[in-house]
Each structure stands twice: as structure tokens, then as C-alpha cells.
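Where a number appears in this text, it was derived from the coordinates with a stated rule and is not lab data. On a predicted model such as this, the values are computed, not experimentally measured, just so you know. All Cβ positions, even for glycine, are placed from backbone atoms using ideal geometry, and neighbour counts span all protein chains on display.
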Amino acid sequence: MPGAFAEATAKVRAANRRAEWLNLKRGKFGASSAWKFWTPKLSEADNETVRNYLKLKAAECDGLIPPEIRGAAIYHGNNEEEPGALDFMEHSGIKMHNFGDDQEWIGWDKSEQVGCTPDALILGDAVDPETGQLHKDAKLVFEQKNHETIEAYEKLASMQNGSELKDFDYKYWIQTQHQMMVVGSPFAVFQTRYSRTNSGKAELVAFIVPREESFIEQHGQRLLRAIEQRDALRQSRTCRTQIKLTDYIIQK
């Protein structure tokens, strides 16, 4: 069965690429968890969530735990990324690159310990919707959310424009700003999508999310400090005092 063999080969190739991607981003700071450094009001977070996240990254760096994707909802979103990209291109007529199994980890030019994996990249000249400025040969990030419930889809689909993403879901907004920071995008394209319809055709709507330079500057500085904090945790682990148990336990 040539078709079955080709499908199995494609699955193995995709699994290998995912393993390489996970290894490449081990211990590094990506976009999907960037919100952990900030509160819903976009002030810098100083809480158990961010402290535990730094410990997790330190443990990943030292190989104590594997970097992995956790949660059923996340798996659903990942499985829908390629269909979502294909739906976007069909609806918009805009060609995209590096989507589906061809997604790539992109490092930040200020530190290789920070990066992102956009759901796709859009290449071409771009007109800034806020300023009207023309950006020649722009590289735009495409981020999509493939929802499991119609309620989650309708929440974001009801936005009037991409500027409202900050108020509708600050986590997605920070993720998108992080990606623009890493890639250097003048703005981003954000798609919200629901595929579990009775018709078999997905519901989707896309928005342009403006780049917020002031937040990106703060976010970049916070990530540079996060790298130092992560490495300090790694160092403290190596300096832990170990008692000599044989001084207290005698066995014959």
C-alpha cells in the first residue's frame, strides 16, 4: 500500500522534526509562555507562577526534564495549525511560508536564549495600518488560535480590530508582541478559528495586531533578566551542600 507507506513516512518525519524543535528550544524563552512575566494589567509579575516557570527552564537546561507540549487543548491547537493555515490562504489569497510541519524556531538577535516559532510567516511589502508606512520586504508573523469550543471562538471573533486583543486576551496579545519582537515584524496577523462545525467548514476571522514598541522594549529587558535568573538557579543547584551520610549511618 504505497499511500499508507507515504503517510507513515510523513508521520515519522514530522515526529523527528518535532523532537528536533523541542531539543533546539530546550530551556529557552519562547512566545507561548511569555505572558507568565506579566499581570493582566501588563505590570511585571512577581509571583509563584513566574518563579516556577524560571525553575522549569533551569531544569530543562540541565536535562532534568524534557521540554514538551502539555495539555489536550494545546494538542488540539497544534493539530489544527496546518488546516488553519490552509484555510487562511484560501480565504485571503495570501501566500504563507513555514507553516505546519515546516515551522521553525527563530532566535532573537539580542540573545539566542529567546525566540519563537510563529504558526507561519508572511513575506512581502506591508502597509502599516496605523501609520500608513510602507515596509518593503517585510516579514510578518502569523499567529492563530484554533479553539475547542464555539464560546472561545466567539469571544475573539467579536473583536472589532486587532488592537482589542490586549483587552480580550492579554496572553495571546503578549505572545504576538513577543513574536513581533523576535522576528522584527511591523505588525502581526492574528486568526481565530473554530473547526468543529456541522458543515465541515471552519469558521474563522483574521485581524491585524499593531506592534506596541513601548511594551516590546520592556518585555525584551525582562527576558534578559530572566536569562540571568534562570542561570542563577542552575548555579545554586550545583552549589547545594551534600552531607556525608556515612558519617551518620554505619552498615556492616
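Output the relative contact order of the range 80-181, whole-number percent, from Cα pairs under 8 angstrom with separation of 6+ residues. That works out to 20 percent.
How do Ser92, Ser236 line up, fewest other C-beta atoms within 10 Å first? Present the calculation step by step, with values, prior to reporting the outcome.
Working: Ser92 14, Ser236 10.
Final ranking by Cβ density, sparse to dense: Ser236, Ser92.
Over the range 2-247, calculate the relative contact order: mean separation of alpha carbon pairs under 8 Å at least 6 apart, over the residue count, as a percent. It would help to have the intermediate numbers written out before the result.
Details: 351 pairs, mean separation 46.4, N = 246.
That works out to 19 percent.
For the chain, modelled as a GNM whose springs connect Cα atoms under 10 angstrom apart, the maximal fluctuation among Glu143, Glu130, Glu44 occurs at Glu130. Expressed as a whole percent, the proportion of Cα-Cα pairs in the chain lying more than 23 Å apart is 57%.
On a full-extension model of 0.36 nm per residue, what is the gain between Thr149 and Asn198, subtracting their alpha-carbon distance, rounded to one decimal in nm? Write down the numbers at each step before the final one.
Working: separation 49, 0.36 × 49 = 17.64 nm, distance 1.31 nm.
Extra length available between Thr149 and Asn198 comes to 16.3 nm.
Annotation: the residues Asp119, Asp101, sorted from fewest to most other C-beta atoms within 10 Å of their own C-beta, follow the order Asp101, Asp119. Each residue in Met180, Met89, Met96 was given a count of other beta-carbon atoms within 10 angstrom of its own, and listing them fewest first yields Met89, Met96, Met180. Between Ile216, Ile94, Ile227, the Gaussian network model of the chain with springs among Cα atoms under 10 angstrom shows the greatest mean-square fluctuation at Ile94.
So how much slack lies between Glu217 and Phe168, counting 0.36 nm per residue of separation and subtracting their Cα-Cα distance, in nm? If you can, show how the numbers build up before the last one.
Details: separation 49, 0.36 × 49 = 17.64 nm, distance 2.21 nm.
Gain on extension, Glu217 to Phe168, equals 15.4 nm.
Under a Gaussian network description of the chain, with springs only between Cα atoms under 10 Å, the residue in Lys139, Lys110, Lys55 that fluctuates furthest is Lys110.
Taking each DSSP H run with n ≥ 4 as -39500 (n - 2.57) and averaging over every residue of the chain yields -14000 deg cm²/dmol at 222 nm. Listed cross-link partners Lys25/Lys166; Lys25/Lys95; Lys55/Lys244; Lys139/Lys201; Lys36/Lys139; Lys55/Lys95 are compared with a 31 Å cut-off, the Cα-Cα value being larger for Lys55/Lys95.
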